[in-house]
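Reading through the structure tokens given below for one structure.
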Amino acid sequence: MEQKVSPEFIQTSLAASLTLGFQSGSFHRNAKLKGLNLLLHYEEGCLGKCHFCGLSRSRREGRKGKTFIRVDWPLYPLEEIIERTKGKDQIHRVCISMVTHPKALEDTLYVIQRLRRETDLPISVLISPTLIQRDDSLVAMKKAGADRVGIAIDAATPQLFDQLRGKGVGGPHRWNHYWDVTQMAVSVFGRFYVGIHLIVGLGETEKEMVDAIQQGQERGAYTHLFSFFPEMGSPMEKHSSPPLDQYRRIQLARWIINESLGSAGRMKFAENGRLIDFGMDVESLIQTGEPFMTSGCPGRNGKVACNRPYGNERPSAPIRNFPFMPEAEDIEEIKKQLE
Ligand code: SF4
């Protein structure tokens, strides 16, 4: 029987599957997906063993298969995804997530080329640095039609990275290499055409997270934040999500750093690393609600297109990354959470 693998088949996020009409349903509070997230798929899965990831080889598979950033990722023919994407005005960007697999580089190039030729959407690639040794792979992605890349550094410190993604779990990823590839990507795609993903709540202090965001900023990479969510069956299924007040402070700090309103050096931290002073008045920033929206690659209008609705929490829980502008009641809630 023919195997349903990439590049002929590709997974979409549940939100993308709903938006493209493969499944019916709508999102809590009518959140609208703007960025189409695609994920390469192989029988062997991802060769990474990251402790917190739903795609990890070390994860026990659940009844419904594997989830990733909390949601299901159904598999469809690439052909059909492209057809259904054409003329979907709601979609402002497409992102192809590589996985750590020997065929991923070649297949990513194929998928970029198809999307470039057949749609008018800007294309991001969430790259797997472990597969990238020289900048020619990145140059090839750019030539094929991608204009931005993301790098999921995820863990904020070298120790946590090593412990959860590297030698500590017998995994292939290395902290220094991830940052070297970030640097390489900035030189190929340009300053701030690169984003790093960081997950809050893997065991880092707030100071360590803020320092990692600052490190990205200095190298020309924006930070896209995620809040840790325990994936069932993963080795970290019992680890809790970070407290909301911690997540809100980090969102504010990220906004200040990425918008160049301040820096980690001007912020103050308690002995346990907790952020106690942002180095500026944050009242008016909180009032805009913008720091608490999902951060991700922009669409043609310069606004965040990758809004990943409910990728960090169950719809019944308080929203961590707002996929839309928070309303007045949301801002009141956020203020309370920050207290
Ligand atoms: S922010 Fe979104 S579009 Fe950009 S690389 Fe990350 S997942 Fe992809």
In the range 208-247, which residue that is polar (S, T, N, Q) and surrounded by 17 or more Cβ atoms within 10 Å (Cβ to Cβ) is nearest to the ligand (Cβ to nearest atom)? T223
Selection count where residues are in contact with a strand residue (DSSP E or B) (Cβ under 8 Å, 6 or more places away or on another chain), basic (K, R) and away from the ligand (no atom under 16 Å from the Cβ), scope the range 104-125: 0
In the range 126-135, which residues are β-branched (V, I, T) and within 12 Å of the ligand (Cβ to nearest atom)? I127
The range 89-102, residues that are surrounded by fewer than 17 Cβ atoms within 10 Å (Cβ to Cβ) and away from the ligand (no atom under 16 Å from the Cβ): D89, P102
Which of the residues that make up the range 144-179 are closer than 12 Å to H51 by Cβ and under 15 Å from the mean Cα position of the chain (by Cα)? D154, A155
Every pair of residues 6+ apart whose Cβ atoms lie under 9 Å, when the first sits in the range 33-52 and is more than 16 Å from L131 (Cα to Cα) while the second is of a type in the set (D, E) and in a strand (DSSP E or B): F52/D154
Are any residues in the range 280-303 surrounded by fewer than 16 Cβ atoms within 10 Å (Cβ to Cβ) and outside any helix (DSSP H, G or I), and if so, which ones? M280, D281, R300, N301, G302, K303
Hey, can you tell me all the residues within the range 109-128 that are assigned to a helix (DSSP H, G or I) and under 17 Å from A185 (Cα atoms)? L109, I112
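Condition check ((1) within 29 Å of V188 (Cα to Cα); (2) in contact with a Lys or Arg (Cβ under 8 Å, 6 or more places away or on another chain); (3) modelled with pLDDT of 95 or more; (4) part of a helix (DSSP H, G or I)) across all residues:
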site: R59; (1), (2), (3), (4): no, yes, no, no
site: I82; (1), (2), (3), (4): yes, yes, yes, yes
site: H101; (1), (2), (3), (4): yes, no, yes, no
site: D107; (1), (2), (3), (4): yes, no, yes, yes
site: T130; (1), (2), (3), (4): yes, yes, yes, yes
site: V139; (1), (2), (3), (4): yes, no, yes, yes
site: Q159; (1), (2), (3), (4): yes, no, yes, yes
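The values are calculated or read from the model by the stated rules, or taken from the named source; none is laboratory data. Predicted model only: the values in this text are computed from it and were never measured. Note: ideal-geometry Cβ built from the backbone for every residue, glycine included; neighbour counts use all protein chains shown.
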